[in-house]
Amino acid sequence: MKKAIVLMNMGGPNNLDEVDVFLKNMFNDKYIIGAPQPIRAMIGWIIRKKRLKEAQHNYSLLGGVSPIVGHTKRLKRRLENIVDADIFHVMRYTPPFAHEVIQRVQGYDEIYAIPMYPHYSSTTTKSSIEDLLKEAKKYGIEKQIKTIDSYYDDELYNKAIVQRIKESLGDDTSEDFTLIFSAHGLTQRVIDKGDLYQKHILANVEAAKKELKSQGIKFKNIEVAYQSRLGPMEWLRPYLEDKLEEVVKTNKKVIIYPTSFTVDNSETTGELAIEYKEIADGLGFEDYRVASSPNHHPLFLECLKNLYEKMQ
């Protein structure tokens, strides 16, 4: 019995030339921009043209490639050592695309597609699953694919989160710091349509707080905020810059945990670690730290292994 695990993620440029590919595909996704074609294509083109140079500059600061690329490859190699399946990964907006990966797994008896999004959203989980299944149908193998919607409340996943927070803290006293769980933003319009993302984020934070408490780790305060908004629409609040402005009045030491992500990417090592650090420095923070995502932490690998085994 040949088994395959396909790790699904949003993706990120493998080089600076792919930045345009990334933006073009993302803003052509009906779950990202809800307008019908050809209006969606026109809106996407306008956003792309406005953002391309800035995005390429930001990726150049990260070495010309998204951090998600290397972390995902290491995650794959290490996961393959502890499961009885071959590991593949598929990206929604950059290579390897679904049509490429489906060709590679069509000879497998069982295919387990696991989202790298721990919280369900139409903009991430649904979009990736639909894209994969659409390609699978072309080869008649869609019934061989099993998937899951979320795992934000998984005990091992939350233990991995706490370990990353502890690594960021080091030998310093946790009660001296405010911990902010920063989630990628989503428009209020999407949430109002019934998207579960915000509910899952808040439930994830509660699960992580419970794990922190069980390990005897106490912060001065624990907060939630949202980053990465775009355009004039109303997005989930509080915005991270507003939360930082509020926190600095009572505490000048903060640790940010990027709670939307299982694998570090431009939003964590770029936006949070560089752009928001500039904001924090300007506000007068004495100590601003960004914790790593789970990436290939042994506890996250064990989490993925357990998810795979439960899916069988």
Ratio of the range 18-167's C-alpha Rg to 2.2 N^0.38 Å, to two decimals? 1.17
Which net charge results for the neighbourhood of residue 58, defined as the other residues with beta-carbon distances under 11 angstrom from its beta-carbon, given Lys and Arg at +1 and Asp and Glu at -1? -2
quick shape note, the range 169-223: Cα extents on principal axes in Å, largest first -> 43, 18, 15
Counting alpha carbon pairs within less than 8 Å and at least 6 residues apart, what relative contact order, in whole percent, applies to the chain? 22 percent
In whole percent, the Cα-Cα distances of the range 155-290 spread across 10 Å bins from 0 upward as 12, 44, 36, 8, 0
With Kirkwood's inverse mean 1/r over C-alpha pairs for Rh, give me the Rg to Rh ratio of the chain, two decimals please. 0.96
Working from the pairwise distances between different alpha carbons, so that the mean of 1/r is found and then inverted, what is the range 231-312's Kirkwood radius in Å? 14.7 Å
Before rounding to the nearest 500, sum -39500 (n - 2.57) across all DSSP H runs of length at least 4 in the chain and divide by the residue total; then give [θ] at 222 nm in deg cm²/dmol. -13500 deg cm²/dmol
Among 33, 292, 121, which residue has its Cα positioned farthest towards the positive end of the charge dipole of the chain, with +1 placed on the Cβ of Lys and Arg, -1 on the Cβ of Asp and Glu, and the dipole taken about the Cα centre? 33
Taking the Cα centroid of the range 158-234 and of the range 76-123, what is the distance between the two, rounded to the nearest whole Å? 26 Å
Out-of-range pairs (alpha-carbon distance over 26 Å; input 134/193; 53/134; 30/210; 193/213; 24/277): 53/134; 30/210; 193/213; 24/277
Please list the three semi-axes, largest first and in whole Å, of the ellipsoid equivalent to the range 20-96, using sqrt of 5 times the eigenvalues of its alpha carbon gyration tensor. 30, 18, 6
Give me the net charge for the shell around residue 141: Cβ to Cβ below 14 angstrom, other residues only, Lys and Arg +1, Asp and Glu -1. +4
Amide hydrogen neighbours beyond the local backbone of residue 184, cut-off 5 Å, H modeled: 227, 260
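Bear in mind that the values in this text are calculations on the coordinates, not laboratory data. Just so it is clear, the structure is predicted and the values come from calculations on it, not from any experiment. Cβ sites come from the backbone with ideal geometry, for glycine too, and all protein chains shown count toward neighbours.
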